[in-house]
Amino acid sequence: MERRLAAVLIADVVGYSRMSEIDEARTRLLFHSDLRELFEPRTAQHHGRLVKTMGDGVLVEFHSVVDALHCAVELQQEKARRNAALPPEQRMVFRIGVNLGDIIVEGDDIHGDGVNIADRMQVLAEPGGIAISGTTYDHVKSKLAIGYRALGEQKVKSISEPIRVYRVVLDPVTEGKISGARRDRQSGAVHVAAIGIATLLFAGLTWWQPWQPGGDASVVSSDTRPSLVVLPFDNLSTDTEQGYLADGLTEDLTTELARIPGLFVISRNAAFTFKDKPRLPSDVSTQLGVRYILEGSLRRTGGQMRINAKLIDSMTNGNIWAERFDGEWKAVFELQDRMVGEVATALKLRLVTSEQTAVAGGTTNPAAYEAYLLGRELELREKPEDWIEAVKYYEQALAHDNAFGNAAAALAWMYREAHWTEARSKLLGVSQDEARSRANAYFAQAAKNPSPAYYRLLAGRLNMMQKSDEAIVAASRAIALDASDPSNYESLSMAMIFNGRVEDGLDNLDAAARVDPAWSRWRYFLAGLAYFSTDRYEEAVVALEKIGPELKETSYWDFWSGYSGLMVLISSYGQLDRDADATAARERLKPYLAQAQEPEYTGLMAAVEFPFKDYVNLERLLVGLRKAGVPELPDGFTPKRGVRLDAGSVRTLLFGHEIQGRNVRTGESYRRVTAEDGTTRITVGDWTDHGISTVEGDMLCSIYPTRWRFCGVVFRKSDGTFAQKNEYLLVLQSDRFEFSVVK
């Protein structure tokens, strides 16, 4: 075995997994193009040796550390120039790490700490940037026309001592200069952990890479925390129908362990792909990218319970901890607490304990907990007849504990979805108005003991009210409470996209894929919306077509990804002038419109359903729909005698004035008072609310807390009179209002 001192460069593609999931063939083509046209010639020019590629990574060895860093600088500068000339869908961005250290040489391959530290530097680099170790900096600090930013000493995976880290500043003006160390920003928040276990500061996730120094068969995560999955516990009870208890224990342990500082936990969804299947630790590790595996069983007989659990290190396939927990069912929370604590001790993680408190949104009532687990099992079956029963169990859970936030949030979610159409509300035995009322009531109840599900619901509501700044905060709180649930990252991704922070939205899709590698229909929709929002229409089409009819709907709620995805797909085809494809996509939309009880899709519907913070993003969608032949107004509406008002005229007419009239369809009285700042008080028949109005394009858009968002256009009627209060006509998707200005 040969050892020697060498400079090591490692480059990695940012967001490669997401790009590959959307279009694997093109992603590989782009990577190999960069390898052939950029990495190979630059490496040769600086006397380096390209050792190997692995997935989306490149490993290069140099005899001179100055040559290594010079090569890294030229690679990033040249890549930036090339990307500037390319359409967004063809851009690849790299992180590069450089280290000078001892390596082990075996044939043509190299590994050892010198390689491992270079890989850790790559993780700490910014997209399009370079990070170097202290040993590298000591040798190059005055040799190149660049500057440096000190990050101080960093503790990195597999290296016992902290490493000095510097980021390279690619600006000749900063030559030889070094800026002081600063702390990296943290995206999470401190929160009391469940069952008195921990309070955590949740740091934002970075994407993992399938990089394997030295040919090690295990997957090494660029997230430097220990990684773990809780596999579905086996139900050993004589009553096979009590499987919901084992599933609930698995889900809760996943959530609680994810709250421990310094531990990364794979999602429940990803873990359950192994349910009732033979599994080797090495297979689980390879497929999920984790090192540690927690598995076990639950047996319940009457009021007594036994839990067996063991923690496996996939590197050795050996147990590093095993224990049996016996007790009464009413002590289930204490048993979970003990188990989480012992797993943390086995992994030598520090617990920051706090006063005993129930899990966020949880309960300390065993009867409420069991009813909730029964409801959860039924809801996850995704069959309408089971949801009816799920609602009953959730209601039972709240009857046992009216502060059980998880149960209230589950009911708020189900009734919120039910109120959208008459068919859905009838499924739960209520009218649409009653479903809306129950959703609001359960949401208010969930807010008293907020859970991750509550914050996801809150983020969704805030998005629809065009409050994406606040939605980002709510979704971030969901992540802080449960870092193992991909839905929380997807919620934050949507808020970021509506907010105009598209790249941050894509980063959160990468984080979702880290905890659950299986891409859902909803995740494809979010990726497509993000690409569309940056004019990357070809990439949007590729992502959105993944939601095609050939992809089986696994959930009743998958309706939304198909429905919304087709809207953006049609607009993408319109922007690309692909008329035939747009027509075909509009045909595919018709069954969804039938479910939504809408005769056709319109631009007004898009304005309501895509509440972007900035109108320019909505306008992009509307332009594409118009080019695809989608009508802007419902039923091909055009007033026989009238002139459409532009933005300035709408504002002058309504803001600072009171209008009165009637609903053309129902005859109900209509009164609206809008202040200069957009504050609005509206009354239609018996309904009244206070909201806010804005002018977007030439549309009047209003947001009301009880009914959310409406958009419409205003026409001046040439045959209207003040006496009849019908000089103007406001056209919404489902309503028409005649009115005149009275004050």
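The values are calculated or read from the model by the stated rules, or taken from the named source; none is laboratory data. Keep in mind that what you see is a predicted model, and the values were worked out from it rather than measured. Note that we place each Cβ from the backbone using ideal geometry, even for glycine, and neighbour counts take in every protein chain shown. Just so you know, the surface numbers come from the protein's heavy atoms only, side chains and all, with ligands and any DNA or RNA stripped out. Shrake-Rupley method; radii C 1.70, N 1.55, O 1.52, S 1.80 Å.
Please verify whether Lys310 is under 18 Å from Val230 (Cβ atoms) and free of Cβ contacts under 8 Å to residues at least 40 places away in the same chain, treating the condition exactly as stated.
Criteria met by Lys310.
Scan the stretch 391-411 residue by residue and report those that are assigned to a helix (DSSP H, G or I) and small (Gly, Ala, Ser).
Ala397, Ala399, Gly405, Ala407, Ala408, Ala409, Ala410
Identify, please: which residue in the stretch 577-599 is open to solvent by 50 Å² or more (accessible area, probe 1.4 Å) and not in a helix (DSSP H, G or I) and is, among those, nearest to Asn463 (Cα to Cα)?
This residue is Gln597.
Might you let me know whether the stretch 671-682 holds any residue that is in a helix (DSSP H, G or I), at pLDDT 90 or above and surrounded by 14 or more Cβ atoms within 10 Å (Cβ to Cβ)?
No.
Would it be correct to say that Glu334 is assigned to a helix (DSSP H, G or I), open to solvent by 70 Å² or more (accessible area, probe 1.4 Å), over 21 Å from Thr255 (Cα atoms) and modelled with pLDDT under 85?
In short, no.
For the stretch 432-447, give me the residue count where each residue is of a type in the set (Gly, Ala, Ser) and surrounded by 20 or more Cβ atoms within 10 Å (Cβ to Cβ).
Here the count works out to 3.
Determine which member of the set Ala44, Ala68 is modelled with pLDDT of 90 or more and open to solvent by 20 Å² or more (accessible area, probe 1.4 Å).
Ala44
Look through the stretch 1-39, keep the residues that are more than 30 Å from Ala530 (Cα to Cα) and of a type in the set (Lys, Arg), and return whichever of them is surrounded by the fewest Cβ atoms within 10 Å (Cβ to Cβ).
Across the stretch 1-39, the extreme among qualifying residues is Arg3.
For Met315, all conditions in the list (1) assigned to a helix (DSSP H, G or I); (2) surrounded by fewer than 16 Cβ atoms within 10 Å (Cβ to Cβ); (3) of a type outside the set (Gly, Ala, Ser) hold save one; what is the number of the exception?
Among (1) assigned to a helix (DSSP H, G or I); (2) surrounded by fewer than 16 Cβ atoms within 10 Å (Cβ to Cβ); (3) of a type outside the set (Gly, Ala, Ser), Met315 violates only (1).
When residues of the stretch 652-689 are filtered for being farther than 21 Å from Gly720 by Cα and acidic (Asp, Glu), how many remain?
The qualifying residues number 4.
Filter the stretch 272-299 down to the residues that are among the small types (Gly, Ala, Ser) and either under 17 Å from Asp313 (Cβ atoms) or touching a Ser or Thr at 6+ places or on another chain (Cβ under 7 Å) (or both) and list them by number.
Selection gives Ser282, Ser285, Gly289, Gly296.
From the residues in the stretch 84-137 that are within 17 Å of Tyr16 (Cβ to Cβ) and free of Cβ contacts under 8 Å to residues at least 12 places away in the same chain, which one is nearest to the chain's Cα centre (by Cα)?
The qualifying residue nearest to the chain's Cα centre (by Cα) is Arg91.
Quick one: which residue in Asp386, Asp313, Asp401, Asp326 is acidic (Asp, Glu), at pLDDT 75 or above and in contact with a Ser or Thr (Cβ under 7 Å, 6 or more places away or on another chain)?
That would be Asp401, the only listed residue that is acidic (Asp, Glu), at pLDDT 75 or above and in contact with a Ser or Thr (Cβ under 7 Å, 6 or more places away or on another chain).
Could you tell me how many of the residues in the stretch 448-461 are surrounded by 22 or more Cβ atoms within 10 Å (Cβ to Cβ) and either touching a Pro at 6+ places or on another chain (Cβ under 9 Å) or farther than 24 Å from Thr254 by Cβ (or both)?
Matching residues across the stretch 448-461 total 1.
All but one of (1) in contact with a Cys (Cβ under 8 Å, 6 or more places away or on another chain); (2) of a type in the set (Gly, Ala, Ser); (3) at positive phi hold for Ala607, so report the exception by its number.
Every condition holds for Ala607 apart from (3).
Give the number of residues within the stretch 240-271 that are touching a residue at least 24 places away in the same chain (Cβ under 8 Å), more than 25 Å from Ala478 (Cβ to Cβ) and surrounded by fewer than 21 Cβ atoms within 10 Å (Cβ to Cβ).
2
Please indicate, with yes or no, whether at least one residue in the stretch 603-624 is in contact (Cβ under 8 Å) with a residue 12 or more places away in the chain, part of a helix (DSSP H, G or I) and farther than 30 Å from Asp469 by Cα.
For the stretch 603-624, residues in contact (Cβ under 8 Å) with a residue 12 or more places away in the chain, part of a helix (DSSP H, G or I) and farther than 30 Å from Asp469 by Cα: absent.
Would the stretch 287-298 turn up any residue that is of a type in the set (Asp, Glu) and either at pLDDT below 70 or assigned to a helix (DSSP H, G or I) (or both)?
No, there is no match, as no residue in the stretch 287-298 is of a type in the set (Asp, Glu) and either at pLDDT below 70 or assigned to a helix (DSSP H, G or I) (or both).
I'd like to verify a number: residues in the stretch 159-182 that are at pLDDT 65 or above and either in contact with a helix residue (DSSP H, G or I) (Cβ under 8 Å, 6 or more places away or on another chain) or surrounded by 15 or more Cβ atoms within 10 Å (Cβ to Cβ) (or both), how many?
9
If a residue has to be over 24 Å from Met465 (Cβ atoms), open to solvent by less than 40 Å² (accessible area, probe 1.4 Å) and free of Cβ contacts under 8 Å to residues at least 40 places away in the same chain to count, how many in the stretch 707-743 make the cut?
So the count comes out to 1.
Give me a count of the residues in the stretch 645-662 that are in a strand (DSSP E or B) and buried (at least 16 other Cβ atoms within 10 Å of the Cβ).
4
For the stretch 683-739, which strands (runs of 3 or more DSSP E) that fit wholly inside it have 3 or more residues that are within 37 Å of the chain's Cα centre (by Cα)?
Correct list: 687-696, 699-704, 708-717.
Looking only at the stretch 487-510, filter to residues that are touching a Lys or Arg at 6+ places or on another chain (Cβ under 8 Å) and touching a residue at least 60 places away in the same chain (Cβ under 8 Å); which one of those is farthest from Thr250 (Cα to Cα)?
Among them, the one singled out is Gly500.
Take Ala435 and tell me if it is at pLDDT below 90, in contact with a strand residue (DSSP E or B) (Cβ under 8 Å, 6 or more places away or on another chain) and either under 29 Å from Ser693 (Cα atoms) or in a helix (DSSP H, G or I) (or both).
No, not satisfied.
Quick one: in the stretch 473-528, of everything that is acidic (Asp, Glu) and more than 18 Å from Pro88 (Cα to Cα), which residue is surrounded by the most Cβ atoms within 10 Å (Cβ to Cβ)?
Across the stretch 473-528, the extreme among qualifying residues is Asp482.
Within the stretch 58-100, which residues are touching a strand residue (DSSP E or B) at 6+ places or on another chain (Cβ under 6 Å) and among the small types (Gly, Ala, Ser)?
Those that are touching a strand residue (DSSP E or B) at 6+ places or on another chain (Cβ under 6 Å) and among the small types (Gly, Ala, Ser): Ala68, Ala72, Gly97.
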